[in-house]
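Right, one structure below, let's go through it.
Rule-based calculations on the coordinates, nothing more; no lab input. All of these numbers come straight from a predicted model, not from anything done at the bench. Positions of Cβ are backbone-derived with ideal geometry, glycine not excepted, and every protein chain shown enters the neighbour counts.
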Amino acid sequence: MLTPTPSSTAAVGSGAVTCSITDGIATVSFYHPKGNSLPAALLRDIAGRITSVSQHPATRVVVIRSEGAGTFCAGASFDELKQIATAEAGKEFFMGFARVILSMRRCPKPIISRVQGKVVGGGVGIVAASDYVIAVPEAPVRLSELAVGIGPFVVGPAIERRIGTAAFSALALDADWRDAEWCRATGLYTRICDNTQALDQVLGTLSHKLAAYNPDAITKLKAALWDGTDSWDQLLEERAAMSGTLVLSEFTRNAIAAFEKK
């Protein structure tokens, strides 16, 4: 785990994770040249950074964001998915998403996600595990797991908790895009801003407001909001094992190859 400094950056392969704490606002930002996709090393660092800033005495609120003006998160790294050779390796890869979600669940501070573009697969899980989500109209979401032969098992509990079983079922079974308004109507997004400039203005105002609230009240509210999720450590590990086995099938291998060609 990395101990956060007021501002620090860690290079992870061809991606990077940036961490800073200013005025009580801890910002964890990730970047990857392939649509802000998430290889295992990046997932590990994001989870570690969230845990670290959660424990830092200066932190009052956490902001999760990605870099660039395009995709917020393209989900799992297909390059790594294709390299998985054993069920154990598969489980460990999907545990990367589980650890990010669990670090967000355990965080005693409110987490705001800034969504500036498309969200796919595991990225939807990160958005769903946030406590408040601000997005722009150009930020549709898609759960593509079933289309590549896996299924949104690890991120499912976070998404279902946020938008309900019916909406999650529709999103998971019909692996097509849902626009930002659908996301707002179902509760996945809390607020939609006209553009990124307006988004950042709202984000700045809200994060500073939350940072000024009674920290004890905030901590108790966060615990109350996540009541009933104590079993998630075991649940997400079981789901990671399911996905880790499915990714080895010939069906999934062929589905991933076909999906990449689209």
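Name the residue from Ala185, Leu206, Thr219 whose Cα lies farthest towards the positive end of the charge dipole of the range 179-220, charges +1 on Cβ of Lys and Arg and -1 on Cβ of Asp and Glu.
Highest projection toward the positive end goes to Thr219.
Cut-off 10 angstrom, C-alpha nodes, Gaussian network model of the chain. Which of Ser77, Ser249, Ser103 fluctuates the most?
The residue with the greatest mean-square fluctuation here is Ser249.
By a straight-distance test (C-alpha under 24 Å), which lysines pair with Lys118 as possible cross-link partners, with residues fewer than eight away in the same chain excluded?
Qualifying lysines at Cα under 24 Å: Lys34, Lys82, Lys261, Lys262.
Would you kindly state how much longer the chain becomes between Ala166 and Glu181 on full extension, computed as 0.36 nm times their sequence separation minus their alpha carbon distance, in nm to one decimal?
3.7 nm
Quick one: divide the alpha-carbon radius of gyration of the range 110-198 by 2.2 N^0.38 Å and tell me what you get. Numbers along the way, then the final one.
Working: Rg = 12.0 Å, N = 89, 2.2 N^0.38 = 12.1 Å.
The reported ratio for this selection is 0.99.
May I ask for log10 I(q)/I(0) of the range 29-100 at q = 0.20, 0.24, 0.26 Å⁻¹, from a Debye sum over the Cα atoms as equal point scatterers with solvent left out?
-0.87, -1.08, -1.18
Rank Ala240, Thr27, Ala175 by how far each Cα sits towards the positive end of the charge dipole of the chain (+1 on Lys, Arg Cβ; -1 on Asp, Glu Cβ) and give me just the farthest.
Thr27
When the dipole is taken about the Cα centre of the chain, and only Lys, Arg (+1) and Asp, Glu (-1) are charged at their Cβ, what size is it in debye, to the nearest 20?
340
Highest mean first, what order results for 128-137, 15-24 on Cβ atoms within 10 Å?
Result, highest mean first: 128-137, 15-24.
Where a Cα-Cα gap under 20 Å defines reach, which lysines qualify for Lys222, not counting those fewer than 8 residues away within the same chain?
Excluding near neighbours in sequence, the set is Lys109, Lys209.
Which of Val154, Ser66, His56 sits farthest toward the positive end of the charge dipole of the range 51-173, with +1 on the Cβ of Lys and Arg and -1 on the Cβ of Asp and Glu?
His56
Please list, by residue number, everything in the range 120-145 whose backbone N is under 18 Å from a paramagnetic label point 7 Å out along Cα→Cβ of Asp194.
135-139
From the helices alone, meaning DSSP H stretches of at least four residues, give me the mean residue ellipticity at 222 nm for the chain, per-run term -39500 (n - 2.57), in deg cm²/dmol to the nearest 500. Before the final figure, lay out the partial values.
Numbers: 11 runs with 125 residues, N = 262.
Result for the chain: -14500 deg cm²/dmol, rounded to the nearest 500.
Work out which helices of the chain, taken as complete DSSP H runs, extend at least 20 Å along their axis over the Cα atoms and score a mean Kyte-Doolittle of -0.5 or more, then list them.
40-55, 87-106, 196-211, 232-246
What are the chymotrypsin sites (Phe, Trp or Tyr not before Pro) within the range 173-262 that DSSP puts in a loop, where the Cβ has at most 16 other Cβ atoms within 10 Å?
Trp177, Tyr213
Report the percentage of all Cα-Cα pairs in the range 115-262 whose separation exceeds 28 Å, rounded to a whole percent.
Summing the P(r) of the range 115-262 above 28 Å gives 28 percent of all pairs.
Between Leu173 and Arg106, what is the label-point separation in nm under the 7 Å Cα-to-beta-carbon projection?
Result: 3.6 nm between the two label points.
Evaluated at 4 °C with a viscosity of 1.567 mPa s, what Stokes-Einstein diffusion coefficient in µm²/s does the chain have when Rh comes from the Kirkwood expression over alpha-carbon pairs?
In µm²/s, the coefficient rounds to 71.
In whole Hz, with x marking every Gly and Pro, tabulate ³J(HN,Hα) for the range 24-34 from phi via Karplus 6.51 cos²θ - 1.76 cosθ + 1.60, θ = phi - 60°.
Calculated HN-Hα couplings, in order: x, 9, 8, 10, 10, 10, 10, 8, 8, x, 8 Hz.
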